[in-house]
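The values are calculated or read from the model by the stated rules, or taken from the named source; none is laboratory data. It should be emphasised that the depicted structure is a prediction, and the values quoted were computed from it without experimental measurement. We place every Cβ from the backbone using ideal geometry, glycine too, and count neighbours over all the protein chains shown. Accessible surface areas use protein heavy atoms only, side chains included; no ligands, DNA or RNA. Shrake-Rupley method; radii C 1.70, N 1.55, O 1.52, S 1.80 Å.
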Amino acid sequence: MSDVNVTVSGNSINVAVGPQTYYLSAYSTQDQTNAGATSVNKMTYNVTDFNNGVSIVSDSRITIANAGIYNIEFSAQLSKGDSGDDTIQIWLCKNGGNVANSNTEVTLVGNNGKHLASWNWFVNAAAGDYYEICWYSSDTAVLIDYQTAGTTPTRPAIPSVILTVNKIG
């Protein structure tokens, strides 16, 4: 069955029949620090480029307005401010609970090590579901790093997290 979208504006009614496109593009211009060696951290987003049917609520909740299969994709600039090797785990939560088998571990190597984490999950969302990308590291020197725009040569800032969400079915 095709989606039906009805909008009313003044004396006009618009009816669109067919698959509706729901999406989100968001990112963060803030460092995201580790709350502690025994804490779960949640990736946050303070800028939304554009969206339709998917929004950010309470800084971290990827909220789905319409049921369907969605692709949640992110990239995060992982960094650490000390020597040695440290790990960070990143996983998906749905409506406040962990999603089984969604965790991945990344190792940051050496003094001031950096790594780009980037992957995606397909989720089957009901209307009103929300997802959060969570992370943990036992080392409080691990963070998700925002970098300001560069000069000589001029280049754009590096968001700490970039997020896209698309309805795919």
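How large a share of the accessible area of segment 100-139, in percent, is made up of carbon and sulfur atoms when the probe is 1.4 Å and the other protein chains stay in place?
Roughly 48 percent, rounded to a whole number.
Hey, what do the phi angles of segment 59-72 turn into as Karplus ³J(HN,Hα) couplings, whole Hz, using 6.51/-1.76/1.60 and θ = phi - 60°, x for Gly and Pro?
Values per residue, Gly and Pro as x: 6, 10, 8, 7, 9, 9, 8, 10, 4, x, 8, 10, 9, 9 Hz.
Test of understanding: what is the full-extension gain from residue 33 to residue 109, defined as 0.36 nm times their sequence separation minus their Cα-Cα distance?
Additional length available on full extension: 25.5 nm.
Could you tell me what a quarter of the Cα convex hull surface of segment 75-169 works out to, in nm² with one decimal place?
7.9 nm²
Under unit Cβ charges (Lys, Arg +1; Asp, Glu -1), what dipole magnitude, rounded to 20 debye, does segment 1-157 have relative to its Cα centre?
Dipole of segment 1-157, to the nearest 20 debye: 240 debye.
Just want to confirm a number: the relative contact order over segment 25-153, from Cα pairs under 8 angstrom separated by 6+ residues, in percent.
Worked out over segment 25-153, it gives 37 percent.
Taking a ≥ b ≥ c as the square roots of the Cα gyration tensor eigenvalues, with a/c under 1.5 meaning rounded and otherwise prolate when a/b beats b/c, else oblate, which class fits segment 113-167?
The shape class here is oblate.
Given a 1.4 angstrom probe, I'd like the percentage of the accessible area of segment 36-79 that is carbon and sulfur, rounded to a whole number.
Of the solvent-accessible surface of segment 36-79, carbon and sulfur hold 44 percent.
Counting only pairs 8 or more residues apart or on different chains, how many lysine pairs in the chain have their Cα atoms under 23 Å apart?
6
Sticking with the crude label model, points 7 Å out along Cα→Cβ, report the distance from residue 15 to residue 101 in nm, one decimal please.
Going from the residue 15 label point to the residue 101 one covers 4.3 nm.
Compute the convex hull volume of the Cα atoms of the chain, divide it by the residue count, and report the result per residue in Å³ as a whole number.
139 Å³
Taking only C-alpha pairs under 8 Å that are 6+ residues apart, what is the relative contact order of segment 83-169 in percent?
29 percent
Report the relative contact order of segment 1-96, percent, no decimals, based on alpha-carbon pairs under 8 angstrom and at least 6 residues apart.
17 percent.
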